[in-house]
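Accompanying notes for the structure given below.
Computed from the coordinates by the stated procedures, all read-outs in this text should not be read as laboratory data. It should be emphasised that the depicted structure is a prediction, and the values quoted were computed from it without experimental measurement. No Cβ is skipped: glycine too gets one built from the backbone with ideal geometry, and neighbour counts run over all protein chains shown.
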Amino acid sequence: MSSPENPILSVSSVEAVYNGAIAALHGVDLSVGKGEIVALLGSNGAGKTTLLRAVSNLLPAERGAITAGRITFDGEDVSRASPSQLVRSGLVQVLEGRHCFRSLTVEENLFTGALGRSSSRTGVKADLDRVYSLFPRLAEKRRTRSGLTSGGEQQMTAIGRGLMSRPKLFVLDEPSMGLAPLIVDEIFSALKRLNRDEGLS
C-alpha cells in the first residue's frame, strides 16, 4: 500500500515492550490518509491492539511503553502526548470489550464523551442527535442503564460516546467482536456513512 501524501496518522519504526522486557512491536510503519478507512489484520498476538494502544498512548496503563519510533497525528509529533490531549486534538479510540459505565444510562454514557469539550449546550445536543440518528435503537434506550442493554447496544453506546468527542481519526479495536451479524452490519453502515458524509478517518 502506498503512503498517503498528507497522512492524518503516521507511525514510523515504532517499537514497544511490556513490563520492560516483553517485545510486542518491532519497527512498525503505518500511514492513514485523511478520509481513509484502514483495517489491521493479523492473528491473535500479532500486536494489533498494542499498536492501537501505542497510537492512543494507552500503553502505560498496561505496563507497556514505546521504546523507539515516532507517531504523528495531523502533522504533530504525539509520541509523548497524554491520552486526554490526543482526544482533545481529535484522536479518539473505542477500546475492545464495550467499556460502558454500566450504572449510567445510555444517554449519560454518551454525555461523558463530550466532557472536556468547549462546545455549547447546543453543540453537544446536536452531536447527541447525530448519534441517535446513526443508532436509532440508542434513542429508544436512552433512559436505560447501560448494564441492562444488549452487547450490540453497549457497543453502539461506546462508539456513540467516542463520536461525542468529535474525532478526526476514530480508532476502533475489535468493533464487531461477539456481535450478531445484523448488529455488525448496522454498526459498519453507520461508520461508512460517517466516512462518506463527514470524511471521518
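Cross-link partners among lysines for Lys125, C-alpha distance below 18 Å, same-chain residues fewer than 8 apart left out?
Candidates past the 8-residue exclusion: Lys141.
Can you tell me the relative contact order of the chain? Whole percent, Cα pairs under 8 Å, sequence separation 6 or more.
23
Using mean Cβ contacts within 10 Å as the protection proxy, how do 104-116, 77-89, 15-27, 152-164 order, highest first? All intermediate terms of the calculation are to be shown ahead of the outcome.
Details: 104-116: 19.2, 77-89: 15.5, 15-27: 13.9, 152-164: 24.2.
My ranking of the peptides, most packed first, is 152-164, 104-116, 77-89, 15-27.
Among Ala114, Val32, Ala46, whose Cα sits farthest toward the positive end of the charge dipole of segment 13-146 (+1 at Cβ of Lys/Arg, -1 at Cβ of Asp/Glu, about the Cα centre)?
Of the options given, the answer is Ala114.
Hey, fewest Cβ within 10 Å first, where do Asp197, Asp173 land in order?
Working: Asp197 8, Asp173 17.
Lowest count first: Asp197, Asp173.
Mind checking which lysines have their C-alpha under 18 Å from Lys192, skipping anything on the same chain fewer than 8 residues away?
The reachable lysines, counting only those whose Cα sits under 18 Å from Lys192, are Lys34, Lys168.
Between Glu76 and Thr122, how many nm apart are label points set 7 Å from Cα along the C-beta direction?
About 2.7 nm separates the two model spin labels.
Starting from 0.36 nm per residue, how many nanometres of slack lie between Ile22 and Arg137 once their C-alpha separation is accounted for?
Working: separation 115, 0.36 × 115 = 41.40 nm, distance 4.25 nm.
Fully extending the segment from Ile22 to Arg137 adds 37.1 nm.
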